[in-house]
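Note sheet for the following structure.
The values are calculated or read from the model by the stated rules, or taken from the named source; none is laboratory data. None of these values were measured; they are calculated from a predicted model. Every residue, glycine as well, gets a Cβ built from its backbone with ideal geometry; the counts of neighbours run over all protein chains shown.
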Amino acid sequence: MKNEQLFNKNLIHDSGKKHVTGFAEYTDDINEPQNTLYGAIGWSKKAHAKIKKIDLNEVKKSKGVEAVVTYLDIPGRNDVGPVFDGDPIFPKSKVEYYGQPLFAVAATSIELARKAVLKAKIYYKELEPIISIDDALKKNSLLFKPRVIKKGNPIQKILKSKNKLNGNFTTGSQEHFYLEGQVSLVVPREDNNFLVYSSTQHPSETQQIIAKMLKQKSNSVDVIVRRIGGGFGGKETNFITSAICCLLSHKTKKPIKLRLDRDDDMIITGKRHDFFSKYEVGFDDDGRIKGLKLKLASRCGMSPDLSLAINERALLHIDNAYFLKDIEVKNYLCKTNTASSTAFRGFGGNQGMMAIENIIDNISRHLKKDSAEVRKINFYGKKNNNTTHYGMKIRDNVINELFEELKIKSDYKNRIQKIRKFNQKNKFKKKGIAITPVKFGISFTTIHLNQAGALVHIYTDGSVHMNHGGIEMGQGTHTKIAQLVSNSLGLPYEKVRISATNTSKVPNTSASAASSTTDLNGAATLNAVSKIKSNLNNFLKKKYKIFSKIEPLYKDGNIYIGNRVFNFDETVKEAYLNRISLSSSGFYSTPKINFDKKNFKGRPFYYFCYGSAVTEVTIDTLTGESVLNRVDILQDAGNAINPALEHGQIEGGFIQGQGWLTMEEVVWGNDGRIKTFSPSTYKIPAVTDIPKLFNVEIFKNGLNVEKVVNKAKTTGEPPLMLAMSVFFAIKDAIASISNYNRIPDLSAPATAEKILLSIKKLKNIV
């Protein structure tokens, strides 16, 4: 990255045209080898039970079935848990959630495989399931001991505060609803090796999980991913599909494709953690928080999965953009008889942020102040009040100026008055408005994951081939990294090609997650490029006896050294003839991060992303329907590599957050059956839910203070949290019914039903 020229250039997504024309190849589109069989999974119809007997005789006799596998067919590790055990591929004696895989079949067609699994006869001894967070807390059903994070003396500060509030708040779960479901294609090769095509965010861990299952070395499994049709965290640790697919291939010695249909996908796989919070807060007459005591509890499902890290990030983001001098948080990870909750865009940070934003909003309403002013008075400072509750000093804070700029650009103050007048005149339609900030830390909180590798080749015709560990899942990572390479070498973008992510090319990769994919893999790729450039530079200087210490400049297809100019393509050919290496691997590890998890102190993040959103809504008090009238967003993207792609990320992230907070409601029955298991029972945002006026702008004064590629900042996860403004705008609209004299009781998602219940409760109080 040394002496790289910064740029800012809009280019279309490398697969954009293929996406809209249907030519983009996903795992399910790969030509299947001859004799490919098709898999299907038989899963539990009970949430919690002992398995008395599994009778698969009729399954084995079914038309087209060539193999059936259970836990008895697993040669090695019967677990796909990424960090902790607890996620058996197939359980031996007990099921722990409705939808848990019990066996799988391979048949000559998808239809025959899916029909066959229905013929299984499974006998259970039912046990009482624990489904809700409340039940888990009452029965002390926890995955780990509760954790307490404390700074200062919050209890004393609360007692001494002039104003006090307490209450409860919940945020719901969320289905990933990626367009491409869980799918794998496994091809057996000689010596019991396997080629795995998988729709995964984590090829290296897929490789490791499969190898351990087979009791083989990782080098016997190659995982390839060209692109995935959305992941959002749902394909970071869901290894069960790939593992079962490979197990079937191992048994049959034939290629196997396993693709879950949408219903099975939603039943079998984990979702976003729903969170419960209980708080006590003390504050002064200006709304400044003096002390905060908070209880956080999350529904983790039947196993740890990534729950420990997700709850950790919730604790790290409980402050959002606010300086909390005296705070205590007690965190409970609830074990329930539901599918293991897993990674989801925001990774717990957004749940923590919603907890503090709700508290800030309630403080504002209690004091009858504009919430924007209360938020502002609690913001981190630049020179003072700039140390987090975990001891990290914030050195890149731009939230104050960004927040003020958005207030002006969105005409926030004037619109408040207009909305108040509207609400006075209208009995059944009420408007609301809210502005919320975002401060989101960038890096994996598991330190060793902050690394990446890459491989770059320059061919003798001057074209460039690169490979890195990141996954293209629609966000444009491949495009942006190709731009970085093109800029570094001074070549047209068209001369750079990225091939499918491949564990045999770049090993030991981290997941494409934590909003770090471009930062990590872009830096690793530039590291590889810099090595090749160094080879070329030394070759030219030596051959042409150039003694200038000036750093060579790669621009417009040429290499400039002082007053000498060399054509890039000709130089490459010449270097090859002189046996100069034109290929290199690259590596990058994020500097400066150091976090003591035990004591919850240190620097877990390389930098922060900042943003803010103003949302205006209208609710119908008779139906509970809410409509987004206008959204104004100002997002810090640093020196964006490709502003067009960042705009897409910001808009998409916001809409996904809107879905989570307003309409996407995951519902389990008391028996543990998930009731929202299909597109017909689970509502995601549609075209009609997009704001009527949607203003998205990148903060022009943003520049990453750290040595990140192109001085850019990520827009992977942070935009989702901008949608918090939607929820609090709805809450503002409800509050107007009491003439803003009462605090509405509203939890997320703010569905039409919950809005109506909140209105009813408020009217009864009034």
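Suppose we filter Ile110, Ile51, Ile130, Ile122 for residues that are under 16 Å from Cys245 (Cβ atoms), at pLDDT 95 or above and among the hydrophobic types (A, V, I, L, M, F, W, C); which single one remains?
On the way: Ile51 fails: under 16 Å from Cys245 (Cβ atoms); Ile130 fails: under 16 Å from Cys245 (Cβ atoms); Ile122 fails: under 16 Å from Cys245 (Cβ atoms).
The match here is Ile110.
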Within the stretch 358-373, is even one residue under 26 Å from the mean Cα position of the chain (by Cα) and of a type in the set (A, V, I, L, M)?
yes
Subset of the stretch 52-65, residues in a loop (DSSP other than H, G, I, E, B) and either more than 17 Å from Leu112 (Cβ to Cβ) or out of contact with any helix residue (DSSP H, G or I) (no Cβ under 6 Å at 6 or more places or on another chain) (or both), comes to Leu56
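Can we say Ile435 is β-branched (Val, Ile, Thr) and over 31 Å from the mean Cα position of the chain (by Cα)? Step through it out loud before you land on a result.
Working: β-branched (Val, Ile, Thr): yes; over 31 Å from the mean Cα position of the chain (by Cα): no.
For Ile435, the condition - β-branched (Val, Ile, Thr) and over 31 Å from the mean Cα position of the chain (by Cα) - is not met.
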Quick one: in the stretch 622-639, which of the residues that are assigned to a strand (DSSP E or B) and among the small types (Gly, Ala, Ser) is farthest from the chain's Cα centre (by Cα)?
Ser626
Given the conditions (1) touching a residue at least 40 places away in the same chain (Cβ under 8 Å); (2) closer than 30 Å to Ala321 by Cβ, report the number of the one that Lys598 does not fulfil.
(1)
When every residue in the stretch 555-611 that is under 24 Å from Ile149 (Cα atoms) and charged (D, E, K, R) is compared, the one surrounded by the fewest Cβ atoms within 10 Å (Cβ to Cβ) is Lys598
Look at the stretch 134-170 and say how many of its residues are more than 29 Å from Phe323 (Cβ to Cβ) and either assigned by TED's automatic domain parsing to the domain that holds Gly282 or of a type in the set (A, V, I, L, M) (or both).
4
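Tally the residues that are in contact with a strand residue (DSSP E or B) (Cβ under 8 Å, 6 or more places away or on another chain) and closer than 30 Å to Thr715 by Cα, restricting the search to the stretch 232-259. Give the steps one after another, and end with the answer.
Looking only at the stretch 232-259, we keep the residues that are in contact with a strand residue (DSSP E or B) (Cβ under 8 Å, 6 or more places away or on another chain), and these are 240-242, 244-259.
Now restrict to residues that are closer than 30 Å to Thr715 by Cα: 240-242.
The qualifying residues number 3.
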Are there any strands (runs of 3 or more DSSP E) wholly within the stretch 441-516 with 2 or more residues that are buried (at least 20 other Cβ atoms within 10 Å of the Cβ), without any contact (Cβ under 8 Å) to a residue 12 or more places away in the chain and of a type in the set (A, V, I, L, M), and if so which?
none
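Tell me the helices (runs of 4 or more DSSP H) entirely within the stretch 68-174 that contain at least 3 residues that are farther than 30 Å from Lys290 by Cα. Can you show your working first?
Details: elements: 110-117, 133-138, 154-160.
The helices (runs of 4 or more DSSP H) meeting that bar are 110-117, 133-138.
Taking the condition under 27 Å from Cys300 (Cα atoms) and outside the structural domain of Gly287 (by TED's automatic domain parsing), does Pro101 pass?
Values: under 27 Å from Cys300 (Cα atoms): yes; outside the structural domain of Gly287 (by TED's automatic domain parsing): yes.
So Pro101 fits the description; yes.
Each row is one residue, and each column tells you yes or no for (1) among the acidic types (Asp, Glu); (2) under 19 Å from Thr615 (Cβ atoms).
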position: Asp689; (1), (2): yes, yes
position: Ser738; (1), (2): no, no
position: Pro744; (1), (2): no, yes
position: Ala748; (1), (2): no, yes
position: Ser758; (1), (2): no, yes
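What do you reckon, is Ile408 among the hydrophobic types (A, V, I, L, M, F, W, C) and outside any strand (DSSP E or B)? Walk me through how you get there before you give the answer.
Values: among the hydrophobic types (A, V, I, L, M, F, W, C): yes; outside any strand (DSSP E or B): yes.
The answer is yes for Ile408.
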Please specify each residue of the stretch 696-726 satisfying the condition of being touching a Gly at 6+ places or on another chain (Cβ under 9 Å) and under 20 Å from Thr618 (Cα atoms).
Leu722, Ala723, Met724, Val726
Could you tell me which residue of the stretch 545-570 is farthest from the chain's Cα centre (by Cα), considering only residues that are of a type in the set (Phe, Trp, Tyr) and modelled with pLDDT of 95 or more?
Phe566
Of the conditions (1) closer than 23 Å to Gly469 by Cα; (2) not in a helix (DSSP H, G or I), Gln207 satisfies every one except a single condition; which number is it?
(2)
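Of all residues in the stretch 634-675, which are aromatic (Phe, Trp, Tyr) and under 17 Å from Lys271 (Cα atoms)? Before the answer, list the steps.
First, pick out the residues of the stretch 634-675 that are aromatic (Phe, Trp, Tyr): 654, 660, 668.
Correct list: Trp660, Trp668.
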Suppose we filter Gln201, Gln174 for residues that are surrounded by 24 or more Cβ atoms within 10 Å (Cβ to Cβ), within 30 Å of Thr751 (Cα to Cα), modelled with pLDDT of 95 or more and not basic (Lys, Arg); which single one remains?
Gln174
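Scan the stretch 23-51 residue by residue and report those that are assigned to a loop (DSSP other than H, G, I, E, B) and either among the charged types (D, E, K, R) or within 23 Å of Ile228 (Cβ to Cβ) (or both). Working first, answer last.
Initial filter on the stretch 23-51 (assigned to a loop (DSSP other than H, G, I, E, B)): 23-26, 30-36, 44-48.
Phe23, Ala24, Glu25, Tyr26, Ile30, Asn31, Glu32, Pro33, Thr36, Lys45, Lys46, listed by residue number.
Out of the residues in the stretch 571-612 meeting the condition of being over 30 Å from Ser515 (Cα atoms) and not in a helix (DSSP H, G or I), tell me which one is farthest from the chain's Cα centre (by Cα). Even if it seems obvious, please write down each step before you answer.
As a first pass, look at the stretch 571-612 and keep what is over 30 Å from Ser515 (Cα atoms): 571-582.
Cutting the leftovers down to not in a helix (DSSP H, G or I) gives us 578-582.
Working: Asn578: 47, Arg579: 45, Ile580: 42, Ser581: 38, Leu582: 36 Å.
Of everything passing the filter in the stretch 571-612, Asn578 is farthest from the chain's Cα centre (by Cα).
Is it true that Asn538 is without any contact (Cβ under 8 Å) to a residue 24 or more places away in the chain and in a helix (DSSP H, G or I)?
Numbers: without any contact (Cβ under 8 Å) to a residue 24 or more places away in the chain: yes; in a helix (DSSP H, G or I): yes.
Yes.
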Condition (residue is in a loop (DSSP other than H, G, I, E, B) and touching a Ser or Thr at 6+ places or on another chain (Cβ under 8 Å)) applied to the stretch 362-372: is it met by at least one residue?
yes
Residue within the stretch 239-253 that is touching a residue at least 24 places away in the same chain (Cβ under 8 Å), over 20 Å from Gly81 (Cβ atoms) and among the β-branched types (Val, Ile, Thr) present
yes
